[in-house]
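The values are calculated or read from the model by the stated rules, or taken from the named source; none is laboratory data. All values derive from a computational prediction rather than experimental measurement. FYI the Cβ positions are ideal-geometry reconstructions off the backbone, even for glycines, and counts take in every protein chain you see.
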Amino acid sequence: MSSVIWFLLFVIGGLVLAYQRVSLRAATLTYGIALLIYALAGDASLGWMIALCAVLAGLVLLNVDPLRIRFISRPFLRTYRRMLPSMSQTEKDALEAGTVWWDGELFTGGPNWEKLMSATVPKLSAEEQAFIDGPCEDLCRQIDDWDITHRRADLPPHVWDFIKSRGFFAMIIPKKYGGLEFSAYAHSSVLVKLSSKSGVVASTVAVPNSLGPAELLLHYGTEEQKAHYLPRLARGEEIPCFALTGPRAGSDAGSIPDTGVVCKGLYEGREIVGIKLNFSKRYITLAPVATVIGLAFKLFDPDRLLGERTEYGITCALIPRTTPGVTIGRRHFPLNNPFQNGPIQGKDVFVPLDVLIGGVKMAGQGWRMLVEQLSVGRCISLPSSATGAAKAAVFATGAYARIRRQFNTSVGHFEGVAEVLARMTGHTYIMDAARSVTAGAIDGGEKPSVPAAMLKYHLTEMARTVADDAMDIHGGKGICLGPKNYLGRGYEMVPVAITVEGANLLTRSLIIFGQGAIRCHPFVLKEMEAARDKDKRRGVKAFDAALFGHMGFAISNSVRSLVMALTLARFSRVPESGSTQRYFQHINRFSASFAFATDVAMLSLGGYLKKKESLSARLGDVLSSMYLASMVLKHYDNQGQPEEDLPLVEWACRNLLYKAQEQLHSFLRNFPNRFLAAFMRFFIFPRGRTYSAPSDPLGQRIVDTILHTSVTRDRVTNGVYRTVEPNNPLGLLHEALVLADSAEPLEKRVRVDGVKTGEVTALDLPGQIQQSLAAGILSETEAAVLRDYDRRVMDLINVDDFAPEELAAASAPPAEVRIARASNA
Ligand SMILES: Cc1cc2nc3c(=O)[nH]c(=O)nc-3n(C[C@H](O)[C@H](O)[C@H](O)COP(=O)(O)OP(=O)(O)OC[C@H]3O[C@@H](n4cnc5c(N)ncnc54)[C@H](O)[C@@H]3O)c2cc1C
């Protein structure tokens with residue numbers, strides 16, 4: 001055999017070993033055997049043999065632990081320790097919070113699909129289903145959103161009573177304390193339904209079930225605190241709020257200037273050791289009506305009354321509203337969606353030590369408590385509310401685009417509108433998949449902290465796109481506010497969802513990848529922990545194992561990335577062989593490229609990557625796209641792989657994986673070291689950018705299912721409040737959509753046989769129906785059907801108008817009172 005063929009055999013063999021991730025020992029052995037065969041059978045020159053034997057000797061030496069540690073790992077560890085950025089306790093707490101789930105697999109470059117495909121399928125118990133069909137439906141029926149948002153700026157008393165008495169505030173409270181103890185999926189499904197009717201009601205219900213007093217008490221409270229508060233919260237006798245944010249500390253919540261100083265003072269007539277609190281909070285949801293305030297502040301003990309320490313850090317307490325020194329009750333006005341939200345101040349508020357959640361032993365643990373619990377809450381409240389609103393928008397817009405005709409055609413049939421409608425539906429499918437599959441994972445025992453950030457960011461951003469799209473398709477109908485407008489308030493609610501529970505720019509730039517890279521990477525956290533280990537011997541051994549694991553991992557991912565990019569991942573192993581096989585394979589490919597790019601970026605930029613937010617945000621986008629596409633595939637599987645939904649699966653996967661490709665491309669374009677950028681590009685895009693976005697015909701297939709009654713339409717919008725009743729536009733729109741099937745052929749007959757022949761001359765439909773009846777083009781029954789349809793459609797298309805004085809804010813104080821108040825403040 002010629003030397004060229006031998007050379008190629010060695011290269012291909014090396015690639016196969018790297019692709020298959022064989023251990024260093026197995027790779028050395030295989031190389032040794034290959035070399036022996038070459039020596040016996042080949043016609044190698046002496047020079048070649050010496051070079052190849054030198055490589056073998058190097059490999060053998062790498063397998064000897066003491067040598068490897070002494071000459072490679074230990075010196076490297078010294079440099080690594082110097083490079084390692086310092087980490088505050090706050091950051092450590094954030095990193096350790098929650099569990100690593102599917103996000104961790106995507107970091108490996110070769111995800112184990114079995115882990116995802118065997119994850120718990122989200123399901124409602126009979127009791128949960130009964131709650132959604134019973135109290136939840138009832139609540140939706142009682143909601144008059146215009147009355148809430150425009151006239152009253154609050155929920156009416158009977159709605160408040162219903163919410164409290166039927167356990168809507170107690171979904172996460174265990175039954176033994178009188179709560180509903182719902183699964184994450186049930187909790188999410190309740191929010192989906194409520195937000196399809198009213199953002200104000202959904203926010204009001206979401207907050208007590210998300211991060212707040214109940215959640216904190218459940219996990220960290222003392223038995224007395226649980227026994228006292230949880231039953232009262234479950235019965236709605238206490239309304240909670242949680243106050244972290246203040247005027248000086250928003251996104252950087254760890255820097256709150258609010259203080260609690262341990263000191264002696266008079267409490268209920270006797271001297272005790274307590275805490276003197278001074279704080280100023282704002283934007284606190286439910287604060288104006290809350291009876292108990294969950295408060296975050298920094299605890300100090302200058303006289304060492306609790307122990308040796310003088311500073312404890314962020315601490316959480318529960319303060320009754322009526323505590324002297326607390327000022328509460330004023331309201332903010334969040335973008336025309338007047339859920340209860342307002343500031344709270346406290347001046348020299350003296351409270352006993354037993355207000356600390358979990359007692360004195362939890363002093364200073366506040367930040368850990370918050371980030372630990374955020375991983376579940378953030379997966380549910382905003383992602384579910386955003387999904388519910390998007391489902392409602394698709395449900396309504398599909399019907400509206402069919403019944404609204406311009407140029408004698410349903411507007412949904414115009415290509416320009418169809419493109420937007422397909423986008424709305426595709427995004428909603430992704431959102432529904434992500435929120436329900438992740439809720440299933442939580443019910444299976446996960447606390448996925450990185451997915452929580454991904455869901456919060458991407459689902460609220462998708463809701464923003466869906467809201468914009470719905471408004472565009474509705475034209476003026478979406479813009480004119482009033483009882484007939486079912487879109488405007490949801491549209492105004494979007495920026496609220498974007499801002500709360502970790503504002504989106506921060507979440508994208510700092511959290512998704514910043515947290516994910518360290519938390520989910522199979523080796524980085526191990527290397528950091530080994531480097532920080534106080535036991536130096538143990539540290540260097542652990543570091544050695546992690547370092548060499550990491551090197552093998554990086555080499556393997558570069559090869560996997562290259563091979564899968566060249567073959568378009570056609571041969572990569574995946575669990576499905578049917579219509580979705582290629583999407584699984586493409587995720588494998590992007591996972592390898594992402595893992596490779598991540599390693600090169602971390603190795604070359606180190607701690608500086610944290611500052612290069614645009615780069616890490618793009619890597620975060622790639623991770624999120626793969627995560628969301630995986631959720632789509634699992635969701636499709638969970639739903640029994642219905643053939644009719646395949647266009648949506650294809651749209652969703654194409655849309656997401658195309659984004660992954662484009663963000664990887666932008667990452668490389670902006671990578672500061674141009675040599676490394678070119679090096680990475682060779683392994684990631686050897687054939688250029690080969691993946692394409694969803695096509696127009698694909699979008700058209702989706703639109704056909706949304707403009708008509710169909711199982712796909714029902715599945716995508718499943719869970720919205722669609723009961724047919726006079727005050728529910730969604731129900732009425734769907735009813736009109738059903739009638740359109742029989743009315744449209746009649747309308748066509750009037751046009752073709754009447755208007756076009758000149759027999760019908762009236763300009764509007766009622767007149768045309770009348771003339772068609774007279775001309776025998778329509779029968780009595782057909783005319784009645786068309787008249788009824790036209791009446792319903794016009795009812796839905798019409799918008800409100802008001803007498804000028806009706807729009808004036810009657811309850812607003814006169815300007816001079818407002819000015820006086822402002823100058824007093
Ligand atoms: C309606 C509403 C309800 C709320 N409810 C509550 C509640 O119940 N309890 C509570 O404690 N808080 C609550 N909040 C507070 C909310 O969590 C904060 O508004 C949020 O954390 C952002 O703080 P900020 O508004 O001060 O923005 P800022 O922190 O001033 O940020 C301004 C912008 O800069 C971006 N940004 C900041 N740092 C970075 C960075 N490093 N990289 C990239 N971008 C960055 C942010 O994303 C944001 O876009 C609520 C807020 C609103 C509006």
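Only one of (1) within 32 Å of the chain's Cα centre (by Cα); (2) among the β-branched types (Val, Ile, Thr); (3) more than 16 Å from the ligand (Cβ to nearest atom) is not met by VAL540, so which one is it?
The single condition VAL540 does not satisfy is (1).
Specify which of the listed residues (SER196, SER183, SER188) is in contact with a Leu (Cβ under 8 Å, 6 or more places away or on another chain), at pLDDT 95 or above and crowded, with 24+ Cβ neighbours inside 10 Å.
Result: SER196 is the single residue among SER196, SER183, SER188 that is in contact with a Leu (Cβ under 8 Å, 6 or more places away or on another chain), at pLDDT 95 or above and crowded, with 24+ Cβ neighbours inside 10 Å.
Select from the range 772-798 the residues that are exposed (fewer than 14 other Cβ atoms within 10 Å of the Cβ) and not hydroxyl-bearing (Ser, Thr, Tyr) and list them in ascending order.
Within the range 772-798, ALA774, GLY776, GLU780, ALA784, ASP788, ARG791, MET794, ASP795, ASN798 qualify.
When the residues of the range 458-501 are narrowed to those that are of a type in the set (S, T, N, Q) and crowded, with 20+ Cβ neighbours inside 10 Å, which ends up nearest to the ligand (Cβ to nearest atom)? Break it down into steps so the answer makes sense when it comes.
Within the range 458-501, the subset of a type in the set (S, T, N, Q) is 460, 465, 485, 499.
Narrowing the set further to residues that are crowded, with 20+ Cβ neighbours inside 10 Å leaves 460, 485.
Values: THR460: 12, ASN485: 21 Å.
Looking at the filtered set, the residue picked out is THR460.
Residue by residue, here is whether (1) crowded, with 19+ Cβ neighbours inside 10 Å; (2) at pLDDT 95 or above; (3) in contact with a strand residue (DSSP E or B) (Cβ under 6 Å, 6 or more places away or on another chain); (4) among the small types (Gly, Ala, Ser) holds:
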{"position": "MET602", "(1), (2), (3), (4)": "yes, no, no, no"}
{"position": "LEU605", "(1), (2), (3), (4)": "no, no, no, no"}
{"position": "LEU646", "(1), (2), (3), (4)": "no, yes, no, no"}
{"position": "ASN655", "(1), (2), (3), (4)": "yes, yes, no, no"}
{"position": "GLN661", "(1), (2), (3), (4)": "yes, yes, no, no"}
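Pull out all pairs, ordered by first then second residue, where Cβ-Cβ is under 7 Å, the residues are six or more apart or on different chains, the first lies in the range 444-461 and is under 12 Å from ALA97 (Cβ atoms) and at pLDDT below 95, and the second is assigned to a loop (DSSP other than H, G, I, E, B) and of a type in the set (A, V, I, L, M, F, W, C).
Qualifying pairs under 7 Å: PRO448/TRP101; SER449/ALA97.
Pick from the range 301-321 the residues that are touching a residue at least 12 places away in the same chain (Cβ under 8 Å) and of a type in the set (Ser, Thr, Tyr): which of them is surrounded by the most Cβ atoms within 10 Å (Cβ to Cβ)?
By that ranking, first place goes to THR315.
Only one of ALA546, ALA531 is in contact with a Lys or Arg (Cβ under 6 Å, 6 or more places away or on another chain) and free of Cβ contacts under 8 Å to residues at least 24 places away in the same chain; which?
Values: ALA531 fails: free of Cβ contacts under 8 Å to residues at least 24 places away in the same chain.
None of the other options fit; the residue is ALA546.
Is the range 147-160 home to any residue that is closer than 26 Å to ALA227 by Cβ, hydrophobic (A, V, I, L, M, F, W, C) and modelled with pLDDT of 95 or more?
yes
Which one of these is in a strand (DSSP E or B), surrounded by fewer than 22 Cβ atoms within 10 Å (Cβ to Cβ), of a type outside the set (A, V, I, L, M, F, W, C) and within 16 Å of the ligand (Cβ to nearest atom): LYS264, LYS298?
LYS298
Give all pairs with beta carbons closer than 8 Å in which a residue from the range 322-347 that is within 13 Å of the ligand (Cβ to nearest atom) meets a residue that is of a type in the set (Asp, Glu); count only pairs at least 6 apart in sequence or on separate chains.
Sorted first by the residue in the range 322-347, then by its partner, the pairs are LEU335/GLU492; ASN336/GLU492; ASN337/GLU492; PRO338/ASP154; GLN340/ASP154.
List the helices (runs of 4 or more DSSP H) that sit entirely inside the range 112-212 and contain at least 1 residues that are among the charged types (D, E, K, R) and closer than 16 Å to LEU382 by Cα.
184-195
Restricting to the range 243-257, name every residue that is of a type outside the set (S, T, N, Q), part of a loop (DSSP other than H, G, I, E, B) and within 11 Å of the ligand (Cβ to nearest atom).
LEU244, GLY246, PRO247, ARG248, ALA249, GLY250, ASP252, ILE256
Assuming PRO338 fulfils every condition listed in (1) at pLDDT 95 or above; (2) farther than 21 Å from ALA206 by Cα apart from one, which condition is it?
(2)
So which of VAL716, VAL750, VAL703 is of a type in the set (A, V, I, L, M, F, W, C), buried (at least 17 other Cβ atoms within 10 Å of the Cβ) and within 24 Å of the chain's Cα centre (by Cα)?
Answer to the selection: VAL716.
In this structure, does LEU609 turn out to be surrounded by fewer than 24 Cβ atoms within 10 Å (Cβ to Cβ), within 16 Å of the ligand (Cβ to nearest atom) and either assigned to a helix (DSSP H, G or I) or not acidic (Asp, Glu) (or both)?
Criteria met by LEU609.
Are there helices (runs of 4 or more DSSP H) fully within the range 739-825 with at least 1 residues that are at pLDDT 95 or above and more than 28 Å from LYS477 (Cβ to Cβ)? List them. Before the answer, list the steps.
Numbers: elements: 765-774, 780-797, 804-807, 815-824.
By residue number, 765-774, 780-797.
Are there any pairs, at least 6 apart or on different chains, whose C-beta atoms fall under 7 Å, with the first in the range 240-252 and farther than 11 Å from ILE319 by Cα and the second near the ligand (Cβ under 6 Å from one of its atoms), and if so, which?
Listed by first residue and then by second, the contacts come to THR245/TYR283; SER251/ALA503; SER251/LEU506.
Quick one: how many residues across the range 348-386 are within 14 Å of the ligand (Cβ to nearest atom) and without any contact (Cβ under 8 Å) to a residue 60 or more places away in the chain?
Total satisfying the criteria: 0.
Every residue in the range 663-685 that is outside any helix (DSSP H, G or I) and crowded, with 17+ Cβ neighbours inside 10 Å, please.
The answer is PHE671, PHE685.
I want to confirm something. Restricting to the range 267-278 and keeping residues that are of a type outside the set (A, V, I, L, M, F, W, C) and either within 16 Å of the ligand (Cβ to nearest atom) or in a strand (DSSP E or B) (or both), which single residue is farthest from VAL371 (Cα to Cα)? Give the derivation first.
Residues of the range 267-278 of a type outside the set (A, V, I, L, M, F, W, C): 267-271, 274, 276, 278.
Then keep just the ones that are either within 16 Å of the ligand (Cβ to nearest atom) or in a strand (DSSP E or B) (or both); that gives 267, 270-271, 274, 276, 278.
On the way: TYR267: 32, ARG270: 37, GLU271: 35, GLY274: 26, LYS276: 25, ASN278: 23 Å.
Checking each candidate, the answer is ARG270.
Which one of these does GLY358 not meet: (1) in a loop (DSSP other than H, G, I, E, B); (2) over 20 Å from MET369 (Cα atoms); (3) touching a Ser or Thr at 6+ places or on another chain (Cβ under 7 Å)?
Answer for GLY358: the failing condition is (2).
Sort out which residues of the range 225-242 are within 20 Å of LEU299 (Cβ to Cβ) and either away from the ligand (no atom under 16 Å from the Cβ) or among the acidic types (Asp, Glu) (or both), and write them in order of number.
If the condition is that a residue be within 20 Å of LEU299 (Cβ to Cβ) and either away from the ligand (no atom under 16 Å from the Cβ) or among the acidic types (Asp, Glu) (or both), then GLN225 is the only one that fits.
Here are some conditions: (1) within 14 Å of the ligand (Cβ to nearest atom); (2) of a type in the set (Lys, Arg); (3) touching a Ser or Thr at 6+ places or on another chain (Cβ under 9 Å); (4) not in a strand (DSSP E or B). LYS281 meets all but one. Which one does it not meet?
(4)
Check the range 629-643 and report whether any residue there is in a loop (DSSP other than H, G, I, E, B), free of Cβ contacts under 8 Å to residues at least 40 places away in the same chain and more than 23 Å from the chain's Cα centre (by Cα).
yes
Go through the range 94-127 and give me each residue that's more than 20 Å from ILE587 (Cβ to Cβ) and crowded, with 21+ Cβ neighbours inside 10 Å.
Answer for the range 94-127, where residues must be more than 20 Å from ILE587 (Cβ to Cβ) and crowded, with 21+ Cβ neighbours inside 10 Å: ALA94, ALA97, GLY98, PRO122.
Being aliphatic (A, V, I, L, M), more than 26 Å from SER593 (Cα to Cα) and free of Cβ contacts under 8 Å to residues at least 24 places away in the same chain is the filter here; which residues of the range 1-20 pass it?
Looking only at the range 1-20, we keep the residues that are aliphatic (A, V, I, L, M), and these are 1, 4-5, 8-9, 11-12, 15-18.
Keeping just the survivors that are more than 26 Å from SER593 (Cα to Cα) gives 1, 4-5.
Within the range 1-20, VAL4, ILE5 meet the criteria.
Please go through the range 301-314 and pick out each residue that is more than 15 Å from the ligand (Cβ to nearest atom) and part of a strand (DSSP E or B).
Hits for the range 301-314 are GLU311, TYR312, GLY313.
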